[in-house]
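The values are calculated or read from the model by the stated rules, or taken from the named source; none is laboratory data. Owing to the predicted nature of the structure, the values given are computational and were not obtained by experimental measurement. Neighbour counts run over all protein chains shown; Cβ positions are idealised from the backbone, glycine included.
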Amino acid sequence: MTTANELATQLATDDPIFARLQDQLSWYGQKSRDARKAFKRIKVTEIVAAALIPFLTGQLGSANHGWPGMTYVIGGLGVIITVLEGLLHLNQYQENWSSYRATAESLKHEKFMFLAKAGPYANAVDPRVALAERIEAVMAQENSQWVATVQKTNTGQSSTGQSATGLR
(Lines give C-alpha, C1' and ligand atoms only; values in the text may rest on other atoms or scores of the structure.)
Protein backbone atom coordinates (compact mmCIF):
# COMPACT_ATOMS: atom_id res chain seq x y z
CA MET A 1 0.00 0.00 0.00
CA THR A 2 1.29 3.44 -0.93
CA THR A 3 1.53 5.94 1.92
CA ALA A 4 0.50 9.59 1.74
CA ASN A 5 4.17 10.61 1.80
CA GLU A 6 4.91 8.37 -1.17
CA LEU A 7 1.95 9.86 -3.05
CA ALA A 8 3.16 13.36 -2.24
CA THR A 9 6.57 12.35 -3.54
CA GLN A 10 4.90 11.03 -6.69
CA LEU A 11 3.46 14.50 -7.18
CA ALA A 12 6.80 16.24 -7.36
CA THR A 13 6.82 19.85 -8.45
CA ASP A 14 7.95 18.84 -11.93
CA ASP A 15 4.94 16.52 -12.31
CA PRO A 16 2.53 18.11 -14.84
CA ILE A 17 -0.53 16.95 -12.87
CA PHE A 18 0.72 18.55 -9.66
CA ALA A 19 1.86 21.69 -11.50
CA ARG A 20 -1.58 22.05 -13.08
CA LEU A 21 -3.33 21.49 -9.76
CA GLN A 22 -1.13 24.00 -7.92
CA ASP A 23 -1.45 26.55 -10.72
CA GLN A 24 -5.24 26.31 -10.73
CA LEU A 25 -5.48 26.36 -6.93
CA SER A 26 -3.41 29.53 -6.94
CA TRP A 27 -5.38 31.10 -9.83
CA TYR A 28 -8.83 30.41 -8.36
CA GLY A 29 -7.74 31.46 -4.88
CA GLN A 30 -6.30 34.76 -6.12
CA LYS A 31 -9.26 35.53 -8.39
CA SER A 32 -11.64 34.78 -5.53
CA ARG A 33 -9.76 37.20 -3.25
CA ASP A 34 -9.67 39.87 -5.98
CA ALA A 35 -13.40 39.58 -6.65
CA ARG A 36 -14.19 39.68 -2.91
CA LYS A 37 -12.08 42.82 -2.43
CA ALA A 38 -13.62 44.57 -5.44
CA PHE A 39 -17.14 43.66 -4.35
CA LYS A 40 -16.66 44.83 -0.77
CA ARG A 41 -14.92 48.07 -1.77
CA ILE A 42 -17.69 48.99 -4.18
CA LYS A 43 -20.41 48.10 -1.67
CA VAL A 44 -18.77 50.13 1.14
CA THR A 45 -18.45 53.12 -1.21
CA GLU A 46 -22.13 52.78 -2.17
CA ILE A 47 -23.19 52.60 1.48
CA VAL A 48 -21.19 55.69 2.42
CA ALA A 49 -22.51 57.63 -0.58
CA ALA A 50 -26.09 56.58 0.16
CA ALA A 51 -25.71 57.56 3.83
CA LEU A 52 -24.39 61.00 2.86
CA ILE A 53 -27.39 61.86 0.66
CA PRO A 54 -29.97 62.32 3.47
CA PHE A 55 -27.39 64.07 5.64
CA LEU A 56 -26.52 66.57 2.92
CA THR A 57 -30.17 66.98 1.95
CA GLY A 58 -30.87 67.95 5.57
CA GLN A 59 -28.20 70.63 5.29
CA LEU A 60 -30.14 72.23 2.45
CA GLY A 61 -33.04 72.85 4.82
CA SER A 62 -30.90 74.51 7.46
CA ALA A 63 -31.19 78.21 8.21
CA ASN A 64 -28.21 79.15 6.02
CA HIS A 65 -29.38 76.81 3.19
CA GLY A 66 -26.08 74.97 3.16
CA TRP A 67 -23.28 75.93 0.84
CA PRO A 68 -23.65 76.68 -2.86
CA GLY A 69 -23.37 73.60 -5.02
CA MET A 70 -24.79 71.24 -2.40
CA THR A 71 -27.44 70.00 -4.84
CA TYR A 72 -24.69 69.10 -7.32
CA VAL A 73 -22.85 67.10 -4.67
CA ILE A 74 -26.04 65.26 -3.76
CA GLY A 75 -26.76 64.56 -7.42
CA GLY A 76 -23.16 63.42 -7.92
CA LEU A 77 -23.49 60.93 -5.07
CA GLY A 78 -26.58 59.50 -6.74
CA VAL A 79 -24.68 59.17 -10.00
CA ILE A 80 -21.78 57.46 -8.22
CA ILE A 81 -24.15 54.94 -6.63
CA THR A 82 -25.74 54.17 -10.00
CA VAL A 83 -22.39 53.74 -11.75
CA LEU A 84 -21.02 51.51 -8.99
CA GLU A 85 -24.13 49.33 -9.04
CA GLY A 86 -23.79 49.04 -12.82
CA LEU A 87 -20.17 47.94 -12.42
CA LEU A 88 -21.20 45.31 -9.89
CA HIS A 89 -23.78 43.94 -12.30
CA LEU A 90 -21.47 44.09 -15.30
CA ASN A 91 -18.43 42.49 -13.67
CA GLN A 92 -20.33 40.01 -11.47
CA TYR A 93 -17.87 40.39 -8.57
CA GLN A 94 -20.05 38.67 -5.98
CA GLU A 95 -20.91 35.75 -8.26
CA ASN A 96 -17.26 35.33 -9.33
CA TRP A 97 -16.10 35.48 -5.72
CA SER A 98 -18.49 32.69 -4.77
CA SER A 99 -17.82 30.56 -7.85
CA TYR A 100 -14.03 30.88 -7.72
CA ARG A 101 -13.97 30.14 -3.98
CA ALA A 102 -16.13 27.04 -4.49
CA THR A 103 -13.85 25.82 -7.28
CA ALA A 104 -10.71 26.43 -5.22
CA GLU A 105 -12.23 24.49 -2.32
CA SER A 106 -13.19 21.63 -4.64
CA LEU A 107 -9.64 21.48 -5.97
CA LYS A 108 -8.27 21.45 -2.41
CA HIS A 109 -10.65 18.65 -1.57
CA GLU A 110 -9.42 16.59 -4.53
CA LYS A 111 -5.81 17.21 -3.54
CA PHE A 112 -6.34 16.08 0.04
CA MET A 113 -8.44 13.06 -0.96
CA PHE A 114 -5.66 12.04 -3.36
CA LEU A 115 -2.95 12.47 -0.74
CA ALA A 116 -4.97 10.45 1.76
CA LYS A 117 -5.74 7.85 -0.92
CA ALA A 118 -9.39 8.12 0.09
CA GLY A 119 -12.68 8.23 -1.75
CA PRO A 120 -12.32 7.69 -5.47
CA TYR A 121 -8.55 7.33 -5.13
CA ALA A 122 -8.67 4.42 -2.67
CA ASN A 123 -9.37 1.78 -5.30
CA ALA A 124 -8.23 3.57 -8.45
CA VAL A 125 -5.93 1.62 -10.74
CA ASP A 126 -3.86 4.76 -11.26
CA PRO A 127 -4.66 7.49 -8.70
CA ARG A 128 -2.65 10.10 -10.66
CA VAL A 129 -4.85 9.58 -13.74
CA ALA A 130 -7.97 9.76 -11.56
CA LEU A 131 -6.67 13.01 -10.02
CA ALA A 132 -6.02 14.54 -13.43
CA GLU A 133 -9.49 13.58 -14.67
CA ARG A 134 -11.24 14.83 -11.56
CA ILE A 135 -9.47 18.21 -11.35
CA GLU A 136 -10.13 18.81 -15.04
CA ALA A 137 -13.80 17.95 -14.45
CA VAL A 138 -14.01 20.46 -11.59
CA MET A 139 -12.51 23.19 -13.76
CA ALA A 140 -14.68 22.27 -16.77
CA GLN A 141 -17.78 22.54 -14.60
CA GLU A 142 -16.76 25.98 -13.32
CA ASN A 143 -15.91 27.06 -16.86
CA SER A 144 -19.34 25.97 -18.11
CA GLN A 145 -21.00 27.94 -15.32
CA TRP A 146 -18.86 30.97 -16.18
CA VAL A 147 -19.83 30.80 -19.86
CA ALA A 148 -23.51 30.48 -18.91
CA THR A 149 -23.21 33.52 -16.63
CA VAL A 150 -21.51 35.57 -19.35
CA GLN A 151 -24.16 34.59 -21.88
CA LYS A 152 -26.92 35.39 -19.39
CA THR A 153 -25.34 38.79 -18.70
CA ASN A 154 -24.98 39.53 -22.41
CA THR A 155 -28.55 38.51 -23.28
CA GLY A 156 -30.30 41.46 -24.82
CA GLN A 157 -27.11 43.44 -25.38
CA SER A 158 -25.69 44.10 -28.84
CA SER A 159 -23.22 41.51 -30.05
CA THR A 160 -19.63 42.53 -30.72
CA GLY A 161 -19.12 39.60 -33.07
CA GLN A 162 -16.72 37.95 -30.62
CA SER A 163 -17.53 34.63 -29.00
CA ALA A 164 -17.10 34.03 -25.30
CA THR A 165 -14.81 31.02 -24.97
CA GLY A 166 -14.47 31.16 -21.22
CA LEU A 167 -10.82 30.14 -21.44
CA ARG A 168 -8.58 31.25 -18.64
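Below is a table of values for the structure above.
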quantity: Subset of the range 90-107 (residues that are within 10 Å of Glu142 (Cβ to Cβ), of a type in the set (Gly, Ala, Ser) and under 8 Å from the mean Cα position of the chain (by Cα)); calculated: Ser99
quantity: In the range 119-159, residue surrounded by the most Cβ atoms within 10 Å (Cβ to Cβ) [restricted to those that are assigned to a helix (DSSP H, G or I) and among the acidic types (Asp, Glu)]; calculated: Glu142
quantity: Residue within the range 50-63 that is over 30 Å from Arg134 (Cα atoms), among the β-branched types (Val, Ile, Thr) and at pLDDT below 95 present; calculated: yes
quantity: Residue tally, condition surrounded by 15 or more Cβ atoms within 10 Å (Cβ to Cβ) and of a type in the set (Phe, Trp, Tyr), over the range 47-106; calculated: 3
